[in-house]
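Okay, so here's the structure we're looking at.
The values are calculated or read from the model by the stated rules, or taken from the named source; none is laboratory data. All values derive from a computational prediction rather than experimental measurement. FYI the Cβ positions are ideal-geometry reconstructions off the backbone, even for glycines, and counts take in every protein chain you see. Protein only, heavy atoms only, side chains kept; ligands, DNA and RNA dropped before computing areas. Shrake-Rupley method; radii C 1.70, N 1.55, O 1.52, S 1.80 Å.
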Amino acid sequence: MNPDRNDAKIKRIERSVVKKTKLFLHIGHGKTGTSAIQSALAIAAEDLSKIGIYYPISKSLRDKASHLEITSGNWKAQPESKLSEQLIKLTQDNQHYSKIVLSSESLFWLISDFIKDKDAWDEHIDIHVILAVREIDEMLSSEYQQRVKRHGDCIPLGQFLRRRNFLSSHHVKAAEIISLMHQYNVKHTLINYSKHKQDISRLLFKVIGSEEKYPETQMKDAIVNRSLSRKELETLTTINALYAKKFPWISTKISDALITNQPKLKSQQCKITTQHLKKIYETNDAYIQAINKFLDPTEKLNSLLNFSQESAKQINSPQNQKKVREEEIISIDLIGEALTQVLSNESQRKLSNDTVDAIIELSQSGRVSKETEVELLQLAKQNRPKALKLSRLLEHATKELLKD
């Protein structure tokens, strides 16, 4: 008998009896409660470890996430090596655990190539991918907010949509990933985040088989990285237009102050016009249908098939409008405090002539509300108290605001 053939047969038998480590990959996508999930996992990390589930995370990052601060998960990309190599090493170094959990939105953009590389990891790891998707109008609204909050964008929502040709890159990628997971027979769980905003973290614990370890007390009513209200968003967009070039970090500074000091303040989805909403559904219809094909009937995303004029309308009761106005006052005070601190730290002198000119120009551009116009002109007036033309502009804007 051929000894080489015997050796090969023995190795195949050995590989078949070796128990593979169960590796859960929570890949997002973005704006689907990822930060809250990562906070819950960080809080429960020690309890999970006791039942054989490993959530690898440094102490400093665990402390940050446990205090409901924004984190990027417990995995970082390593460009020098393939994802399959990294995950195989992770499981081999931690074989005393029956399960390992990784959570990172970065994995969302790398998982396609990883799935195609299945031959390299299939003998070593038992993969289970957890992917959340979201209604497309909510997704684009949140993506726009993120650009304003973290990247200093100052363009209106409509311009943001047109620049992207009304395409949602997250839905395009999600459709591709779901198709590949079925093609390569990769275990996975799909969740419609829009239907599970309140229990998305608990659902993940259920998927990994540890629902009893979910940190109910710490996570009750917890909100991590909330969206901004419309007034906050409008005001921050104005501030970005004025200061982002000089202070690129100012949007993050102010949005963090809002989120930290008022974490439970009610946010509102950005209002998308009926025309733009229809364009969004038309542009992304193929990708939404590809996703819906594998979602449960009760979990399916809205699509062009059930789009209507009514879906673009957003109804606000008088009671809700009153609450929104009260919260706007709180937000404006917080923004004022944060902006004052930023500017006083950067400069002890008045605004430059160029900045005042930019404020006046923005106030008259038609891109801001009447309230914001008055606020901008008041700021300009403080720096040019003797300017008669500016006084007349402020007087006119104030009268127009009072009419409303």
Gyration tensor on Cα atoms of the stretch 232-279, a ≥ b ≥ c root eigenvalues, a/c under 1.5 rounded, else prolate if a/b beats b/c, else oblate, says oblate
If the cut-off is a Cα-Cα distance under 14 Å, which aspartates and glutamates reach Lys116, setting aside same-chain residues fewer than 8 apart in sequence? Glu85, Glu176
Cut-off under 16 Å on the C-alpha distance; same-chain residues fewer than 8 positions from Lys279 excluded. Which aspartates and glutamates are left, in chain and number order? Glu135, Asp137, Glu138, Glu310
Based on the Cα coordinates of the stretch 182-221, what is the per residue volume of their convex hull in Å³? 63 Å³
Expressed in whole Å with the largest first, what are the equivalent ellipsoid semi-axes of the chain derived from the C-alpha gyration tensor as the square root of 5 times each eigenvalue? 48, 24, 19
Note, Gly73: beta-carbon cut-off 12 Å, +1 each Lys/Arg, -1 each Asp/Glu, net +2
How long, wide and thick is the stretch 107-168, going by the Cα atoms along their three principal axes, in whole angstroms, largest first? 50, 22, 21
Under a point-charge model restricted to the Cβ atoms of Lys and Arg (+1) and Asp and Glu (-1), what is the dipole moment magnitude of the chain relative to its Cα centre, in debye to the nearest 20? 400 debye
Please give the per residue accessible area of the chain, computed with a probe of 1.4 Å over protein heavy atoms only, in Å². 54 Å²
Which of the pairs Lys59/Lys89; Lys271/Lys322; Lys59/Lys187; Lys22/Lys206; Lys64/Lys187; Lys19/Lys173 have their Cα atoms more than 26 Å apart in this structure? Lys59/Lys187; Lys64/Lys187; Lys19/Lys173
